[in-house]
1. Under the Karplus relation 6.51 cos²θ - 1.76 cosθ + 1.60, θ = phi - 60°, what is the ordered set of whole-Hz ³J(HN,Hα) values for region 5-16, x standing for Gly and Pro?
2. For the chain, modelled as a Gaussian network with Cα springs under 10 Å, which listed residue fluctuates most, 36, 62, 87?
3. Please compute the per residue accessible area over region 2-148 with all protein chains in place, 1.4 Å probe, rounded to a whole number of Å².
4. Could you derive backbone 3J(HN,Hα) for region 96-106 from the dihedral phi with the Karplus parameters 6.51, -1.76 and 1.60 (θ = phi - 60°), listing whole Hz in sequence and x where the residue is Gly or Pro?
5. So, with a 1.4 angstrom probe, what is the percent of accessible area on region 1-135 that is carbon and sulfur?
6. Output the direction-averaged projected area (hull surface divided by four) of the convex hull of the alpha-carbon atoms of region 2-148, in nm².
7. With labels modelled as points extended 7 Å from the Cα through the Cβ direction, what inter-label distance (nm, one decimal) is found for residue 41 paired with residue 2?
8. Stretch residue 79-residue 108 to full length: gain in nm at 0.36 nm per residue minus the Cα-Cα span?
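The values are calculated or read from the model by the stated rules, or taken from the named source; none is laboratory data. Because the structure is predicted, anything quoted here is derived from the model rather than measured. Glycine also receives a Cβ, built like all others from the backbone with ideal geometry; neighbour counts cover every protein chain displayed. Ligands, DNA and RNA are excluded from the accessible area calculation, which covers all protein heavy atoms including side chains. Shrake-Rupley method; radii C 1.70, N 1.55, O 1.52, S 1.80 Å.
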Amino acid sequence: MNILIINGVNLNMLAYREAGIYGDFSYEELTQMIRIYAEKKGILAKLDFFVSNYEGEIVECIHKAIIEQTTAIIINPAAFSHYSYAIHDALLMFKGIKVEVHLSDVHNRDVFRKNLVTANASDHMISGLQEKSYFEALDYIMTKQATVK
Ligand code: DQA
């Protein structure tokens, strides 16, 4: 079982973003926290991380996951979430388990953040829990994986 964790535009710069909104950690620290959480929970899946500021690179990363039949995707498309039909359409082709996550509570911020274009292509969306949004996504995938077996 392998889980691909994709992060979109500006998330490589987490250490420089609004800590009160996104959390007080860097992208590298976020990936570490996710790995530690998975280990603690006894999740044996291989975790792969991908971060990019380019929409097309994210689309191609999803294409690769489709071809390689990756078990699950956790995706935070960041600002792309609000307007990328390309990422939405790529996710539609992915038949594994897919969860969209957001560090911040996108429902209760700027009006433009309420427009969630990519989320419709995922099975589930979790927002507003900072790093715990990713942890919950892992839990969701493990529960879902157990029921499809
Ligand atoms: C974000 C929320 C988006 O609105 C924003 O553009 C981001 C990060 C989040 O994780 O809270 O860059 O996806």
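1. 10, 9, 10, x, 3, 6, 7, 5, 9, 3, 4, 9
2. Between 36, 62, 87, it is 36 that shows the largest mean-square fluctuation.
3. On the way: 7330 Å² over 147 residues.
Ligands and nucleic acids excluded, the result is 50 Å² per residue.
4. Once rounded to whole Hz, the list reads x, 7, 9, 10, 8, 10, 9, 5, 8, 8, 5.
5. Details: 3540 of 6700 Å².
Of the solvent-accessible surface of region 1-135, carbon and sulfur hold 53 percent.
6. Numbers: hull surface 31.5 nm².
For the Cα atoms of region 2-148, the hull's average projected area reads 7.9 nm².
7. Between residue 41 and residue 2, the label points sit 2.0 nm apart.
8. Values: separation 29, 0.36 × 29 = 10.44 nm, distance 1.51 nm.
Going from the current span to full extension adds 8.9 nm.
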